[in-house]
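Worksheet for the structure shown next.
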Amino acid sequence: MGEDAAAIGTKATTGQDAAAIADELQFLVGALVRQQRAVSPAREVTLSQVSILKRLDREGPHTVADLSRLDKITHQSVTVSAAGLVDRGLVRRVPDPHDRRRKLLLITHEGKRLLSERRGAGHENLTDAIAGRLSCAERTELGRALTLVRRLLD
């Protein structure tokens with residue numbers, strides 16, 4: 001743990017230590033996520049609530065139980081987060097057309113707008129950083145590296 005990030009990055013680029021590459025990648029992804037959150041508009045929405053909004057926006061309506069299972073968090077945590085979203089008009093509850101006893105959570109126009117604002121702020125910040133801090137050759141190299149990172153998700 002005593003090695004600094006530059007030393008780890010140098011070691012990681014030699015291709016000899018997969019663990020060092022994994023450590024550096026985790027560190028950098030975490031730092032990038034924190035930076036993106038920092039530039040997002042403050043709307044007093046928790047990270048759990050943002051996670052729910054993103055999933056509903058991407059995948060469509062879900063029950064609280066679905067969200068709990070998919071995100072591997074307690075039913076109670078999702079219930080509390082969802083209630084806050086409903087209270088703020090970012091999500092609404094609608095009857096499940098297949099089982100009227102169940103309620104689905106559906107993202108509202110206001111919820112989609114909040115996500116759009118957050119994405120826009122983060123995207124603009126990242127675009128500015130890439131354009132302002134990296135040379136053309138470095139941007140090309142970063143693009144190639146993204147292909148490799150994407151393969152890790154397969």
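Measuring how big the chain is from its alpha-carbon positions, Rg and Dmax come out at 19.6, 59 Å. Residue separation of F27 and T46 scaled by 0.36 nm, minus their Cα-Cα distance, works out to 4.6 nm of gained length.
Think of each Lys and Arg Cβ as +1 and each Asp and Glu Cβ as -1; about the Cα centre, that makes the dipole of the stretch 70-154 roughly 380 debye. Principal-axis analysis of the Cα atoms of the chain puts helix 47-59 at an angle of about 80° to the longest axis.
Can you tell me the orientation of helix 136-152 relative to the chain, as the angle in degrees between its alpha-carbon axis and the longest Cα principal axis, to the nearest 10? Tilt relative to the chain: about 60 degrees. Listed values for the stretch 62-77 are Karplus-derived 3J(HN,Hα) couplings in whole Hz (6.51 cos²θ - 1.76 cosθ + 1.60, θ = phi - 60°), namely 9, 7, 4, 4, 4, 4, 4, 5, 5, 8, 6, 10, 5, 4, 4, 4, and x replaces Gly and Pro. Placing a label point 7 Å from the Cα of N125 along the Cα-to-Cβ line, the residues of the stretch 44-70 whose backbone N sits under 19 Å from it are 44-54.
The slack in the chain from R34 to R101, taken as 0.36 nm per residue of separation less the alpha-carbon distance, amounts to 20.2 nm.
Taking the C-alpha atoms only, the angle from helix 18-39 to the longest principal axis of the chain is near 50 degrees. Computing FRET efficiency as 1/(1 + (r/R0)^6) for A18 and E141, where r is the C-beta to C-beta distance and R0 is 25 Å, gives about 0.80. In this Cβ point-charge picture (+1 for Lys and Arg, -1 for Asp and Glu), the chain has a dipole of about 840 debye about its Cα centre.
Accessible surface calculations at 1.4 Å, restricted to protein heavy atoms, place the chain at 69 Å² per residue.
The share of accessible area on the chain that comes from carbon and sulfur is 57 percent, using a 1.4 angstrom probe. Taking amide H atoms as placed 1.01 Å from N in the peptide plane, the amide H of L104 lies under 5 Å from those of V94, D96, each 5 or more residues away in sequence or on another chain.
The values are calculated or read from the model by the stated rules, or taken from the named source; none is laboratory data. All values derive from a computational prediction rather than experimental measurement. Cβ: placed from backbone, ideal geometry, glycine included. Neighbour counts: every protein chain shown. To get the accessible areas, we keep the full protein, side chains included, count just its heavy atoms, and leave off ligands, DNA and RNA. Shrake-Rupley method; radii C 1.70, N 1.55, O 1.52, S 1.80 Å.
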